[in-house]
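This report refers to the structure that appears directly beneath it.
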Amino acid sequence: MLARTTSVDDTRALAGALAALVRPGDVVLLTGEMGAGKTAFVQGLGAALGIDERITSPTFTIAHTYEGGRVRVHHLDVYRLEHLHEALDVGLAEMVDDGAVVVIEWGDAVVPVLPADYLEIRITFAPLDDDPASGDVRRWEMRPVGPRWKARADGLRATLEPWEDAS
């Protein structure tokens, strides 16, 4: 499933719309280059879930936990982890099991230690060919993995419709 956003606010709006689909225990993987919009996505998701706290990148702390919304959110950035076992050392398994939504930036690095169900989101820069100044355009490729997310595939498609990317 493909989507396109054209600004940081648009990215946050897309994530906010997806918040209606997330459930306690869900895992969302975000992959993409530096500056692609991973943290902006988590900000939009958190705001839509009712989290009032300022959401920042956990690059140097590895994990932040946000309470106060309709579901707790664990936000991880595993970019700095050098070995797969370090994901377990930061408590990833416990975070997944505690009924929160777990959002993992650079998540493709820890796929082998994840549960069988997650939503994979790949973000790429997608400037429009006819407008080289359109540097804020992002392409979002979403892939539901496992039965929990595949059961929500139709809802995911419908949610993404306003951001549909036909390319």
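Residue-normalised convex hull volume from the C-alpha trace of region 16-62: 95 Å³ per residue. With a simple spin-label model that places each label point 7 Å from the Cα along the Cα-to-Cβ direction, the separation between residue 93 and residue 34 comes to 3.3 nm. Over the chain, DSSP H runs of length four or greater, each weighted -39,500 (n - 2.57), average out per residue to a 222 nm ellipticity of -7000 deg cm²/dmol. Considering the convex hull of the alpha carbon atoms of region 1-87, report its projected area averaged over all viewing directions, in nm², one decimal. Average projection, Cα convex hull of region 1-87: 6.2 nm². Estimated at 0.36 nm per residue, the fully extended path between residue 108 and residue 158 surpasses their Cα-Cα distance by 15.5 nm. The mean accessible area for residues of the chain, using a 1.4 Å probe and ignoring ligands and nucleic acids, is 48 Å² per residue.
Taking packing as the residue-averaged number of other Cβ atoms within 10 angstrom, the listed peptides 59-72, 37-50 run from highest to lowest as 37-50, 59-72. With the charge dipole of the chain set up from +1 on Lys and Arg Cβ and -1 on Asp and Glu Cβ about the Cα centre, the Cα lying farthest toward the positive end among the listed residues 31, 137, 103 is that of 103.
Would you mind checking the tilt of helix 8-18 against the longest principal axis of the Cα atoms of the chain, expressed as 0 to 90 degrees and rounded to 10? Relative to the chain, helix 8-18 is tipped by roughly 60 degrees.
Working value for the chain: equivalent-ellipsoid semi-axes of 24, 18, 16 Å, each the square root of 5 times a Cα gyration tensor eigenvalue, largest first.
The values are calculated or read from the model by the stated rules, or taken from the named source; none is laboratory data. The structure displayed is predicted, hence computed values, not measured ones. Note: ideal-geometry Cβ built from the backbone for every residue, glycine included; neighbour counts use all protein chains shown. These area figures cover heavy atoms from the full protein model, side chains too; ligands, DNA and RNA do not enter into them. Shrake-Rupley method; radii C 1.70, N 1.55, O 1.52, S 1.80 Å.
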